[in-house]
Amino acid sequence: MPISTDDLLSLVGCSPEAADVDQWLTAQRIYDRPQVGTETNGADNARDTGRIDEVERHSLALIYDRKAIYRLLVGKPDGLVGDDPGDFVLREVALFGPGVQDYRGYSGPLPFGLQWGASKEHCAAVMGTPLARRTIHELTSDLWALEGWIVNASYQDDALAIVHLRRLNKYDRRMLGVADERETQSADRPPADSVLKVVGRVATDVEVRDALSHIDWSSDLFDFSNAGEISKYVQAHGVTLYLGGKDVAPSVITGIRLNRQGDMDSLGYSGRLPFGIEFHTTPTQLEAMVGRKPDRLMTSADTGAMRWSFPGHDLHVMYSLIDFQVYRVSLFLADAQG
């Protein structure tokens, strides 16, 4: 018997540990649940296991995220009183058509009138002009925002093959110009030159202290005798500092990386970014904002990066091809990268 797509999508934003959600998943013979791992990475964050649960029986995947981050980005589902138990919530659902990765094909009705095998033109006629069309994992993919949902549709040989669905987050709403008052950018955010000022300076300089006062920077906490990175501020502030490098003393800040909320489980950098870039900026807007084409453009299966070289420093901007938004910005001392 096909899964009810409405029931499935009603779980987005909910914890798999909630009694009614767990009961529904178990009834569909979906037994895996995400767990907090015990290994640590360079930022001393626990790695998580099972964030993506591919359910071959139903030709779908359940993609989970940390509940604390999800609530900040998206909020709680309508009607949820209090909050769910557990550390994770269902962030996204992926539905696979017949023959994709040897799946039989999701047999429930697709949302918004979509149909497996439909052409790009047919999908656009049903959904409207897509916000973006790009290549993800070697498949042409269209992006829409409809009725509170972000929809990604991927095609094989011009036939609809995969559909991803998630709720709008605050960056989507900012991108679309529909953010509410709670999600608008603060007028007194730290200026963009606060990050420019630190690159190339000695970490103990008073100028660095003042420029990074918004992240509670204290040089007394660190040993600057060896080159490396300072990741203490990633989770709370979305900031990583890089020290030393080619022909540069280990006490000199040679780079700074800024993460948006949710990237690397960070609460995100709250200051202004260079050239007026925002964490909801799309890749197609970057060239106009910086004022010229990037000196280097790189793409992978689902991310892209642009690099510009300026006197004294380089600007690196990473973006998600899936979300079609910037998620990480870095500045590096030009002569320290080797």
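Remarks
- Only strands (runs of 3 or more DSSP E) whose full extent lies in the range 127-235 are considered here, and the ones with at least 1 residues that are under 22 Å from residue 329 (Cα atoms) are 132-136, 228-230.
- Filter pass, residue 240 being β-branched (Val, Ile, Thr), surrounded by fewer than 18 Cβ atoms within 10 Å (Cβ to Cβ), on the phi < 0 side of the Ramachandran plot and at pLDDT 95 or above: no
- Condition check for residue 53: in a strand (DSSP E or B) and at pLDDT below 95: yes
Yes/no per residue for (1) among the hydrophobic types (A, V, I, L, M, F, W, C); (2) under 23 Å from residue 168 (Cα atoms); (3) without any contact (Cβ under 8 Å) to a residue 24 or more places away in the chain; (4) buried (at least 18 other Cβ atoms within 10 Å of the Cβ):
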residue: 271; (1), (2), (3), (4): no, yes, no, yes
residue: 282; (1), (2), (3), (4): no, yes, no, no
residue: 289; (1), (2), (3), (4): yes, no, yes, no
residue: 297; (1), (2), (3), (4): yes, no, yes, no
residue: 305; (1), (2), (3), (4): yes, no, yes, no
residue: 309; (1), (2), (3), (4): no, no, no, no
residue: 322; (1), (2), (3), (4): yes, yes, no, yes
residue: 328; (1), (2), (3), (4): no, yes, no, yes
residue: 331; (1), (2), (3), (4): yes, no, no, yes
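- Matching residues, the range 241-268, being among the hydroxyl-bearing types (Ser, Thr, Tyr) and without any contact (Cβ under 8 Å) to a residue 60 or more places away in the chain: 251, 266
- Residues in the range 64-119 that are out of contact with any Ser or Thr (no Cβ under 6 Å at 6 or more places or on another chain), open to solvent by less than 20 Å² (accessible area, probe 1.4 Å) and among the β-branched types (Val, Ile, Thr): 69, 93, 100.
- Sole exception among (1) open to solvent by less than 30 Å² (accessible area, probe 1.4 Å); (2) part of a helix (DSSP H, G or I); (3) not acidic (Asp, Glu) for residue 264, by number: (1)
- Among the residues of the range 127-137, not a single one is of a type in the set (D, E, K, R), farther than 20 Å from residue 321 by Cα and open to solvent by 50 Å² or more (accessible area, probe 1.4 Å).
The values are calculated or read from the model by the stated rules, or taken from the named source; none is laboratory data. Quick caveat, the model's predicted, so the values are computed rather than measured. Here the Cβ is made from the backbone with ideal geometry for all residues, glycine too, and neighbour counts use every protein chain on show. Surface areas here come from the heavy atoms of the whole protein model, side chains and all, with no ligands, DNA or RNA. Shrake-Rupley method; radii C 1.70, N 1.55, O 1.52, S 1.80 Å.
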